[in-house]
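Chemist: Let me begin by handing over the structure; questions about it come next.
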Amino acid sequence: MNVKHYLKSFEQALITTTLILALLSTAFFMAEPKVGQAVVSGPFPIKQTVTAEISFLVDAANVTATGTINGITGGTSNGTTTAVVRTNNPAGYTMTIAYASNGSSNAMIGDTTASQSIHDYVASSSEPTYTFHTASTSPVFAYTVSAANTSDLDQSFKDDGAGLCNSGSNDTAGYTCWMEPTTSSFQVVNRTSDAPSGATTTLNFRVYVPNNPSPSLPADTYTATATLTALNI
């Protein structure tokens, strides 16, 4: 009896074990393709937009012309200032200058007398003249521009080295190509690349008073006010 009982138990255990192994084997072969095969997602881009910025790294400082000018016997006085523009725009930037009207027809006006005796310099065909004309009988005020990188300079202020502005590629230290001040913006810089460390522009100003000027020139301090505007291209 005991032997038959053990044999019966052994037979049942064997059957049970076989069934379990069969179930495990079936489950493995059903799951194996999912485990053993690879799937790919991508490639996919990761993008970040960087905006173009522009600023004056160095603002143009106030200008006081060198020395005084005799109001009757006349003379010439010069002043200068620099501005440094910084931009990360690969296409570069432009810069313009515009003068305040001060409520008058001329850019420069007497602080106390409100005299308009210093007239705006008259350029040729609304573009700079190579030399500073001194034939006027009235006092005149003018400006010119140069750039640390000559290629930055607007074409109007470049010369051909033979007396013609808005031509050639010369930038003669800012003492050629004189322009009249205007209330409308006039372009002075046209840079075609970025300036991560800053690009320097120099503006030179000149007041000329002829001997025995007409109209007469009252003693005063005369002021013109200008604004520079830099824009990314």
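The values are calculated or read from the model by the stated rules, or taken from the named source; none is laboratory data. All values derive from a computational prediction rather than experimental measurement. Counting neighbours? That spans all protein chains shown, and the Cβs are built from the backbone with ideal geometry, glycine included. Protein only, heavy atoms only, side chains kept; ligands, DNA and RNA dropped before computing areas. Shrake-Rupley method; radii C 1.70, N 1.55, O 1.52, S 1.80 Å.
Chemist: Among the residues of the range 156-179, are any under 30 Å from THR112 (Cβ atoms) and modelled with pLDDT of 95 or more?
Modeler: Taking every residue of the range 156-179 in turn, at least one turns out to be under 30 Å from THR112 (Cβ atoms) and modelled with pLDDT of 95 or more.
Chemist: Kindly indicate whether any position in the range 203-218 is closer than 29 Å to ASN232 by Cα and open to solvent by 50 Å² or more (accessible area, probe 1.4 Å).
Modeler: No.
Chemist: Hey, can you tell me all the residues within the range 160-185 that are touching a residue at least 12 places away in the same chain (Cβ under 8 Å) and of a type in the set (A, V, I, L, M)?
Modeler: Answer for the range 160-185, where residues must be touching a residue at least 12 places away in the same chain (Cβ under 8 Å) and of a type in the set (A, V, I, L, M): LEU164, ALA173, MET179.
Chemist: Hey, another quick one. Quick check: is even one residue across the range 149-159 open to solvent by 50 Å² or more (accessible area, probe 1.4 Å), charged (D, E, K, R), closer than 29 Å to SER55 by Cβ and part of a loop (DSSP other than H, G, I, E, B)?
Modeler: No, the range 149-159 has no match at all.
Chemist: Return yes when PHE157 is closer than 20 Å to SER125 by Cα, in contact (Cβ under 8 Å) with a residue 24 or more places away in the chain and touching a helix residue (DSSP H, G or I) at 6+ places or on another chain (Cβ under 9 Å) and no when it is not.
Modeler: Criteria not met by PHE157.
Chemist: Identify, from the list THR82, THR144, THR113, the residue that is among the polar types (S, T, N, Q), open to solvent by less than 50 Å² (accessible area, probe 1.4 Å), more than 13 Å from VAL209 (Cβ to Cβ) and at pLDDT 95 or above.
Modeler: When all the criteria are applied, what remains is THR144.
Chemist: On to the next question. For the range 84-93, indicate whether the set of residues that are part of a loop (DSSP other than H, G, I, E, B) and farther than 28 Å from SER156 by Cβ is non-empty.
Modeler: no
Chemist: Go over the candidates TYR143, TYR130, TYR99 one by one and state the one that is in contact (Cβ under 8 Å) with a residue 40 or more places away in the chain and either touching a Cys at 6+ places or on another chain (Cβ under 7 Å) or over 25 Å from CYS177 (Cβ atoms) (or both).
Modeler: So the residue among TYR143, TYR130, TYR99 that is in contact (Cβ under 8 Å) with a residue 40 or more places away in the chain and either touching a Cys at 6+ places or on another chain (Cβ under 7 Å) or over 25 Å from CYS177 (Cβ atoms) (or both) is TYR130.
Chemist: Which one is modelled with the highest pLDDT among residues in the range 116-140 that are among the hydroxyl-bearing types (Ser, Thr, Tyr) and in a strand (DSSP E or B)?
Modeler: Residue satisfying both the conditions and the ranking: THR129.
Chemist: Of the numbered conditions (1) in contact with a Leu (Cβ under 9 Å, 6 or more places away or on another chain); (2) in a loop (DSSP other than H, G, I, E, B), TYR143 fails exactly one; give the number of that condition.
Modeler: Only one criterion is unmet by TYR143, namely (2).
Chemist: Moving to a separate point now. Tell me, please, whether a residue that is charged (D, E, K, R) and surrounded by 13 or more Cβ atoms within 10 Å (Cβ to Cβ) can be found in the range 127-137.
Modeler: Checked against the condition, which is being charged (D, E, K, R) and surrounded by 13 or more Cβ atoms within 10 Å (Cβ to Cβ), the range 127-137 yields at least one hit.
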